Amino acid sequence: MQETVSNAERQEIAEELAEFDKAVNAPNRVKPVIEFRDVYLAFDDKVVLDGISFNVRRGETKIILGRSGGGKSTIIRLILGLLKPDAGAILIDGEDITQFTEEEMMAVRRKIGMVFQEGALFDSLSVYENVAYRLRELNVEEEEIEREVRRMLRFVGLEDAIDKMPNELSGGMRRRVGIARALVGDPEIVLYDEPTAGLDPPTARTICELAIKLRDLQDVSSIFVTHEMNNVEYLSSEYATVNEKGEVIFEAEGEKLCLINTEVLMLRDGKIIFSGTDEQLRASTDPYIRNFVFGK
Amino acid sequence: MNPLIKFIFELQEISLLLWRSLRSLFSPPRYPAEWIRQMDLIGVGSLPIVLLTGFFTGGVLVLQTFPTLEYYGLQSESGRSVATSLIRELGPVLSALMVSGRIGSAIAAELGSMVVAQQIDAMRAFGTNPVRKLVVPRLIALISMLPLLTVSADIFGLIGGAIVASGIYNQEGSVFVNSARNGIEFEDIIGGIIKPLFFGLVIGSVACHKGLGTKGGTVGVGKSTTDSVVVSSIWVIIFDFFLSKALQYLLGIGRI
């Protein structure tokens, strides 16, 4: 009797595992959202990217670490098609964008939200118009625009600032408006270019929480360029979930869990010198990586 | 880089920018609201300085030439001398130089700051072509507004001249007006409108090119701004010579 029950249980567990396996390996999950194949780029005689290959799966966050001027932001500019690689291929949703013209890139860019280093808000436009920018370009109706802008500003907690001009905002607020602007139109890919640089720790934490929410609750794929280790800490050890009251809460992965949707990539002199989880990063014996991670 | 190669390279860049602007006129999006806004900023905004320049230039022309004309007994022709020099040369060139100082610098500084603050990248990332949204409206505004500004400067110059002639040299007002009217041919007026069309194009394309090509942070913005004014002013003066020659040939302006 005892054995049959455990057999049934076993059966159930096996079925659940199979389902989980199916979900994880569903075709749209297996196909990388962003793929770099042996990408080279040089400015004059300075090699910026020297044979970079990696991919980002759906719902995954790739943290790109590296020293300033190490080609981190260049990767983001390549994905947006603001730069073209000298050799290699870049695929977005399985589409090779390497040879795309500016007009063809416009369609690809619509899938991508981009958070710039200092926010890069348009100074001459109000917060409302900044966030609405992309929808205006698509000739969306005013009512729809207003609803969407308010929704996004609520998401970043800045609905009160809707009528302000960018120069009235603090650095952290500008960054958050930048995030709201990037998220309009629910892009499936969000790129962050050092979103927390120069911000105080609590504000930096807020920005990371926004990124975690997008990753865990909205299945957004992203690349998070940074050189700050506490960003890595937050992004790779916490996850967002909704509690029984319907509020978003953040939980630590703890000892039993391991987040598989966040990976770290480390660049040095245009080459990838590390790729793996944050635990592997911390366990690395490479002196350069240890120096970067522990600061000594 | 060799200065000559650098120059040819820049010329190529400017030509490409103009070509892209021209091509983008034939397909949407065109941002007409932005065209109007720039016309207001560039045209209406520059009106006071251009009118003042015209007024005092016309005045000083009479002030300086009247005694010489009087020496030859030709003081009744002072209106003619002011009208021809203003409408053919000084009106278009001085207006263009004033606009290049006021607008050329503003365009280069604005676009340059946008480049430095990554706003141009942001624009492209959000699906806007910066040539359509930023360059075309400014070019259109300059090309359409500069001729109008020039005509206004010409008129104010003639008024300034008339005031000096009658106020300082006690010339009969009607003498001045008649001589000015007799001195101006229809071709002069056409020529005086054709020139600023080209000057607007020169100022706009140089300023946009310099602004969008800004490199190296805030220092770069300063350099772009200076370059924009210097280069466009020089080109206006060089262009003026060749345009005058071409108009002389095509319309017979200034040949007696």
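Of note:
- Inside region A:34-88, residues that are of a type in the set (Phe, Trp, Tyr) and within 14 Å of chain B (Cβ to nearest Cβ) make up a count of 1.
- Considered as a group, the residues in region A:136-151 that are assigned to a helix (DSSP H, G or I) and modelled with pLDDT under 90 include one that is surrounded by the most Cβ atoms within 10 Å (Cβ to Cβ), and that residue is A:GLU137.
- Test for A:ASN167: is it among the polar types (S, T, N, Q), surrounded by fewer than 17 Cβ atoms within 10 Å (Cβ to Cβ) and closer than 30 Å to A:LEU91 by Cβ: no
- In region B:100-127, the residues that are more than 8 Å from chain A (Cβ to nearest Cβ) and assigned to a helix (DSSP H, G or I) reach residues that are buried (at least 20 other Cβ atoms within 10 Å of the Cβ) and charged (D, E, K, R) with C-beta atoms within less than 7 angstrom, at least six apart or across chains, in these pairs: B:ILE107/B:ARG138; B:ALA108/B:LYS210.
- Failed condition for A:ILE13, given (1) in a helix (DSSP H, G or I); (2) at pLDDT 80 or above; (3) surrounded by 14 or more Cβ atoms within 10 Å (Cβ to Cβ): (3)
- Residue satisfying condition, being part of a helix (DSSP H, G or I), away from chain A (no Cβ under 14 Å), among the aliphatic types (A, V, I, L, M) and in contact with a Ser or Thr (Cβ under 8 Å, 6 or more places away or on another chain), within set B:LEU146, B:LEU63: B:LEU146
- Region B:79-99: number of residues that are among the basic types (Lys, Arg) and either surrounded by fewer than 20 Cβ atoms within 10 Å (Cβ to Cβ) or not in a helix (DSSP H, G or I) (or both): 1
- Residue check, A:MET152 under 26 Å from A:THR203 (Cα atoms), free of Cβ contacts under 8 Å to residues at least 40 places away in the same chain and either within 14 Å of chain B (Cβ to nearest Cβ) or within 19 Å of the chain's Cα centre (by Cα) (or both): yes
- Pick from region A:96-135, criterion exposed (fewer than 14 other Cβ atoms within 10 Å of the Cβ) and within 21 Å of the chain's Cα centre (by Cα), ranking: modelled with the highest pLDDT: A:ASP96
- Enumeration of residues in region A:98-135 that are in a helix (DSSP H, G or I) and in contact (Cβ under 8 Å) with a residue 12 or more places away in the chain: A:GLU102, A:MET105, A:VAL108, A:ARG109, A:VAL127, A:TYR128, A:ASN130, A:VAL131, A:ALA132, A:TYR133, A:ARG134, A:LEU135
- Checking each residue in region A:105-124 for being basic (Lys, Arg) and facing another protein chain (nearest Cβ under 7 Å) picks out A:ARG109, A:ARG110.
- Any hit, region A:260-267, residues being over 21 Å from A:ASP50 (Cα atoms) and assigned to a helix (DSSP H, G or I): no
- Among the criteria (1) out of contact with any strand residue (DSSP E or B) (no Cβ under 8 Å at 6 or more places or on another chain); (2) loosely packed, with under 13 Cβ neighbours inside 10 Å; (3) in contact (Cβ under 8 Å) with a residue 24 or more places away in the chain, the one A:PRO287 does not fulfil is (3).
- Among the residues of region A:272-295, those that are assigned to a loop (DSSP other than H, G, I, E, B) and under 21 Å from A:ASP50 (Cβ atoms) comprise A:SER284, A:ASP286.
- Residue identified as surrounded by 20 or more Cβ atoms within 10 Å (Cβ to Cβ) and either out of contact with any Asp or Glu (no Cβ under 6 Å at 6 or more places or on another chain) or under 26 Å from B:MET39 (Cβ atoms) (or both) among B:GLY213, B:GLY192, B:GLY183: B:GLY192
- Criterion: among the β-branched types (Val, Ile, Thr), surrounded by fewer than 18 Cβ atoms within 10 Å (Cβ to Cβ) and assigned to a helix (DSSP H, G or I) - qualifying residue of B:VAL164, B:VAL219: B:VAL219
- Yes/no for A:GLU102 being within 13 Å of chain B (Cβ to nearest Cβ) and on the phi < 0 side of the Ramachandran plot: yes
So that you can scan it fast, the table gives a plain yes or no per residue for (1) in contact with a helix residue (DSSP H, G or I) (Cβ under 8 Å, 6 or more places away or on another chain); (2) touching a residue at least 12 places away in the same chain (Cβ under 8 Å); (3) crowded, with 16+ Cβ neighbours inside 10 Å; (4) of a type in the set (Val, Ile, Thr):
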| site | (1), (2), (3), (4) |
| --- | --- |
| B:GLN12 | no, no, no, no |
| B:TYR31 | yes, yes, yes, no |
| B:TRP35 | yes, yes, yes, no |
| B:GLY43 | yes, yes, yes, no |
| B:LEU51 | yes, yes, yes, no |
| B:GLY54 | yes, yes, yes, no |
| B:THR57 | yes, yes, yes, yes |
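The values are calculated or read from the model by the stated rules, or taken from the named source; none is laboratory data. Because the structure is predicted, anything quoted here is derived from the model rather than measured. Positions of Cβ are generated from backbone atoms using ideal geometry, with glycine treated the same way; all protein chains shown enter the neighbour counts.
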